[in-house]
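Peer 1: First, the structure itself, so that you have it in front of you.
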Amino acid sequence: MPSIKAIVTNAPDGGVSVKTINTDISSYKVLISPIYTGVCGTDRGIVSSSLKFAYNPEGSDYLVLGHESICEVVDSKVPEFKAGDLVVPVVRRPGDCVNCKIGRQDNCSDGKKHEAGITGMHGFMQEIFTEDPEFLVKVEDKTLKEVGVLTEPLKNVLKAFEVFETVSKRAVFHGEDSTVLDKNVVVIGTGCEAFLYTMMARELGFRSMMINRHPLSHKIEKIFDDLGLRFVNYAEDPDEPFSSGIDLLIDTSGDPTTVFNFLRKVNYNGVVILFGTNGRAPDGSFTGADIDYVVERNITIAGSVDAAKKHYLQAIEYLTKWHCSYGEKLENVITAKFPPENTAIFTSKQKDELKSVIEWK
Ligand code: DN4
Ligand code: BGC
Ligand code: ZN
């Protein structure tokens, strides 16, 4: 059994360290090693113990972190993969419910699914691991060796737009030529998920902006400007987030007060997607007047978590397209690379961070 390096926590109590673990790779279908693993709000929530839904695999007193990755196949015993292929392993693994049985474990109906690096399954922040081909998605374009790490966070965005498509069917949202009419998307937050939501909203023909309660650093402002994305500091400019109202409000902050402040700007037949989870945000208040507002305007409030394998494939298509169109401007979204030993990146967000990654090779 080889001894390998892994980044671990003890969920749900939190903490983070580099640990040497013994891993059994004697039998496998595909043997994988990570090239880059991404650090996101979920990892930091697990490490700080604010995300109480995280737990260790059964019988283990630690959880290997990591659900965002771009990996390389080391060896394969199945024809679909060969050594050197770039792959992204999927996060969620099915339980026994009917949605899990049809490959939609993202819509698991009894909570008995597992998530790599989050709930009951070791993640991808370890030097080598085995995988079942069913849970691997191939990245054909080798130039995605770095930005391919955005596949996992982008797949969540594609699922959320699928949720939006479904719930917005109750009123006319699209023009006759199937393009989106003159509609406004506001994304709360300016982290990596907010960025990916805004890229996708623009791709789909919406007018869109990201908002936050403070100005951006020059570095992040430049990354957004270079990609033609709009940002508003609502503390300075509270009326700006679309004077004509909001048709789709997407929250990545998990802050109830902010969500409900902007919900009061949502137009008739508008949709609110709740995506951010922030166990530490202070409680907000949702009043009777707010209920009247939501009811009288046919507003839909929908939660969205995770995504299906098809969304990973769509994410790779969009990343391939955006990488062709924007090249280095997209690569700049990966704002810093760290060695596995630098566990401080799990306890505080880096200055000027959009996506911090751990470099394994
Ligand atoms: P992140 O980079 O921590 O993003 C959170 C963003 O919200 C940051 O830009 C925050 O700004 C911003 N924010 C916080 N409070 C406010 C506020 N009051 N007004 C405006 N903006 C605010 O994390 P991420 O982009 O990786 O992920 C976003 C969230 O989605 C996290 O809560 C994740 O746990 C969650 N998530 C959910 C799924 C899923 O449902 C998947 C991935 C992530 P600043 O405070 O940094 O300036 O499947
Ligand atoms: C992952 C999702 C996962 C979620 C759990 C996110 O960071 O991208 O796949 O379902 O965390 O809240
Ligand atoms: Zn993540």
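The values are calculated or read from the model by the stated rules, or taken from the named source; none is laboratory data. Since the structure is predicted, the reported quantities are computational estimates derived from the model, not experimental observations. Cβ atoms come from the backbone with ideal geometry, glycine included; neighbour counts cover every protein chain shown. Areas reflect the complete protein model, heavy atoms only, side chains present, ligands, DNA and RNA absent. Shrake-Rupley method; radii C 1.70, N 1.55, O 1.52, S 1.80 Å.
Peer 1: Between residue 26 and residue 301, 0.36 nm times their residue separation minus their Cα-Cα distance comes to what?
Peer 2: 94.2 nm
Peer 1: With a cut-off of 8 Å between alpha carbons and a minimum separation of six or more residues, what is the relative contact order of the chain in percent?
Peer 2: 19 percent
Peer 1: Identify, among 231, 246, 216, the residue whose Cα sits farthest towards the positive end of the charge dipole of the range 139-277, taking +1 on the Cβ of Lys and Arg and -1 on the Cβ of Asp and Glu, with the dipole about the Cα centre.
Peer 2: Sorting the options by dipole projection puts first 246.
Peer 1: Can I ask one more? Please give me the summed charge of the neighbours of residue 311: other residues whose Cβ is under 13 Å from its Cβ, Lys and Arg +1, Asp and Glu -1.
Peer 2: Result for the neighbourhood of residue 311: 0.
Peer 1: Find the accessible area per residue for the chain; the probe is 1.4 Å, ligands and nucleic acids are left out, and the unit is Å².
Peer 2: 44 Å²
Peer 1: Express in Å², to the nearest 10, the accessible area of residue 166 obtained by rolling a 1.4 Å probe over the protein heavy atoms while all chains stay in place.
Peer 2: Accessible surface of residue 166 is approximately 90 Å².
Peer 1: Answer with one residue from 36, 116, 334: the one whose Cα lies farthest towards the positive end of the charge dipole of the chain, charges on Cβ with Lys, Arg +1 and Asp, Glu -1.
Peer 2: Ranked along the dipole, the leading option is 116.
Peer 1: May I pose another question? Can you list the lysines whose alpha carbon sits under 21 Å from that of residue 219, skipping same-chain ones fewer than 8 residues off?
Peer 2: 329, 337, 349, 351, 355
Peer 1: What is the gain in length, in nm to one decimal, between residue 75 and residue 328 on full extension, counting 0.36 nm per residue of separation less the C-alpha to C-alpha distance?
Peer 2: So the chain would gain 88.0 nm between residue 75 and residue 328.
Peer 1: Same structure, new question: Once the mean 1/r over all distinct Cα pairs of the chain is inverted, what Kirkwood radius in angstroms do you read off?
Peer 2: Kirkwood radius, the chain: 21.2 Å.
Peer 1: Which links in 142/361; 5/309; 265/309 stretch past 23 Å when you go from one Cα to the other?
Peer 2: Listed pairs above 23 Å: 5/309; 265/309.
Peer 1: Using a 1.4 angstrom probe on heavy atoms only, work out the carbon and sulfur share of the accessible area of the chain in %. Present the calculation step by step, with values, prior to reporting the outcome.
Peer 2: Values: 7840 of 15810 Å².
Exposed carbon and sulfur together represent 50 percent of the surface.
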